[in-house]
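The structure appears right after this line, and notes come after that.
Every number in this text was worked out from the coordinates using simple rules, so none of it is lab data. This is a predicted model, so every value here is computed, not measured. Neighbour counts run over all protein chains shown; Cβ positions are idealised from the backbone, glycine included.
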Amino acid sequence: MSQAHTRYHPLRPTEVLTLTYLANGLDTVAAAAKLGIKPDALMSRLREVRRKVGDGSRAYVLHRCYMERLLDLPVPDEASVLFTYEEQRVWTVVATYPTPVGVPNGATRAAIRALMDKAGAKSEAHLVKLGHQWGLLTGPKPR
């Protein structure tokens, strides 16, 4: 017996724009200002997106939206820096777990921060976007 594929509700244009600003590294306040809304309204939009794709960090939610084709993947580009296997593993942890796990807790934040610094990422969500842009995170499965 085959499992039914989970169907996700499409994102509204305002949710796509919200995620796009966060993926570009804007924080809550800056993204809300750019959208002309209050930070509480932006948080409400994120809650709605989480309801659609699953609860987790912004990085996790963004990755899920890319993987489920709810958001267009960023335009491919080459990274200007080489990343180690361990750094790519941390990247995967940030993108694929609702909360970062897989690295000892004290080391998790330090490893993520070091990776963000090396990649020039402004946030974990921005790190996920860069990972997809540079081909370091796997894209969605073919349909």
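Brief remarks follow.
- Radius 14 Å from Cβ of Thr14, net charge of other residues (Lys, Arg +1; Asp, Glu -1): +4
- Protection proxy ranking, peptides 129-135, 34-40, 56-62, 114-120, average beta carbon neighbours within 10 Å, highest first: 56-62, 129-135, 114-120, 34-40
- Choice from Leu17, Leu82, Leu127 showing the highest fluctuation, given a GNM over the chain with Cα pairs closer than 10 Å: Leu82
- Computed about the Cα centre, the dipole magnitude for the chain is approximately 480 debye when only Lys and Arg (+1) and Asp and Glu (-1) carry charge, each at its Cβ.
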